[in-house]
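Here's the structure we're looking at; comments come further down.
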Amino acid sequence: KIWDVGWRTARLCAGETYFDCPYYEQLQYVADTRIQALISLYVAGDDRLMKNAIQLFNQSRIPDGLTQSRYPSYIPQIIPTFSLMWINMMHDYFMYRGDSLFLKQFTPGITNVLDWYENKIDNTGMLANLEWWQFSDYTTEFQLGIPDGVDGGHSALITLQYVYALQNAVTLLKYFGQDSNAEKYSRLAKRLQEAVIKNCFDNTRRLIAETPEKKRFSLHTTIFAILTNTIEEEKQKEVLLTALADKNIIPPAIYFKFYLARCLQKTGMGNSYLDRIDTWHNMIKQGLTTFAEIEYNPRSDCHAWSASPLFDFLNLVGGIQSTSPGFESVLVSPNFGYLHEIDIKF
């Protein structure tokens, strides 16, 4: 049932471009689009809208170097974290489709986005005084989706999202022979990771706090600390279990559960994924025939990022993963959970 509702959601949010929802905005947002594109690749084997989106986001870039958060749109909007997701989306395309000639044209845009963020690093070694709308997730504890430490402070979550994009950019730049840039950004990522640990790691709770003041903690920051290996790999499962069991931690909303699934997979906890999809069961119980933007009192009853289980069912439950550019080598590592049998056509 989740598969059918999810696929209906994905198809209704795709026309001449991807868009977030078919009723309200009908706008192609970068963060939504990354998830939509992965669904298209895995379910339909079709990369046309993904390539188009990558090109359009490149065309949307402002003089500062950032992409617009959504494009095409006659009302400009800037969400810098979505510019980082554009880089991650290109890394996805690289791993699943290859086509390096198509991607190489965007390397100036990649470096422009990374350099905008680099100029925001202060003497703590973390990002500070960030402009625009630094959206991360629509969890109720983030005001307008913005994590702690953005305005005049230091956000571990935004810093680690930057690290994630830097690491993905390094892979691309190395492949394109831009070794000096790759080395520069690799060193920068490591310095940022060290700064986050130094400033935000809480020895009592054994988690990375949202800011150096260590007053609040989110599962979001733990997720990106794991995805970037800011937390050592041998400790990642223990840290994730600690965060998941913490009653005083900010939980992810639907959008960020896509990244939680990546962490479950990375830490060898993929078998618990099927026990963690109550959000989608609940939406079906509410009578929804498409999945919503957020689980409760949604503005949008059909929102593309909520179709992420389609990708998860194939990539995580079925375990079909690309291990080299263009899917030239494949890892099949299923996570059955409570299932006894999985039948997949891919």
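The values are calculated or read from the model by the stated rules, or taken from the named source; none is laboratory data. As the structure is a prediction and not an experimental result, all values here were calculated from the model. Note: ideal-geometry Cβ built from the backbone for every residue, glycine included; neighbour counts use all protein chains shown. For the accessible areas, the whole protein counts, side chains as well, though only heavy atoms, and no ligand, DNA or RNA atoms are used. Shrake-Rupley method; radii C 1.70, N 1.55, O 1.52, S 1.80 Å.
Points to keep in mind about this one:
- Under the criterion of Cα pairs below 8 Å and six or more residues apart, the relative contact order for region 201-279 equals 27 percent.
- Relative contact order (%) - criterion: Cα under 8 Å, at least six apart; region: the chain: 19
- Heavy atoms of D301 accessible to a 1.4 Å probe, total area in Å² rounded to 10: 80
- Mean separation of Cα pairs under 8 Å and 6 or more residues apart, divided by the residue count, gives region 70-159 a relative contact order of 25 percent.
- Within the chain, helix-based [θ] at 222 nm, where runs of 4 or more DSSP H residues each add -39,500 (n - 2.57), nearest 500: -14000 deg cm²/dmol
- Considering only G177, G319, G270, the Gaussian network model of the chain with Cα springs below 10 Å gives its largest mean-square fluctuation to G177.
- Share, in percent, of DSSP beta bridges within the chain that are antiparallel, nearest 5: 90
- Two numbers describe the Cα atoms of the chain: Rg and Dmax, which are 19.0, 54 Å.
- Rounded Å value of the spacing that divides the Cα centres of region 23-87 and region 137-209: 21
- Rounded to the nearest 20 debye, the dipole magnitude of region 206-276 is 180 debye, with +1 charges on Lys and Arg beta carbons, -1 on Asp and Glu beta carbons, and the Cα centre as origin.
- Estimated at 0.36 nm per residue, the fully extended path between K104 and E16 surpasses their Cα-Cα distance by 29.3 nm.
- Pairs beyond 28 Å (Cα-Cα), from K174/K214; K120/K190; K120/K184; K184/K266: K174/K214
- When the Cα gyration tensor is reduced to axis lengths a ≥ b ≥ c, the ratio a/c is 1.5 or higher for region 47-89, and with a/b not above b/c it is classed as oblate.
- Directionally averaged projected area (convex hull, Cα atoms, region 176-329), nm²: 11.8
- All other residues whose Cβ lies under 14 angstrom from that of N229 are scored, Lys and Arg at +1 and Asp and Glu at -1, for a net of +1.
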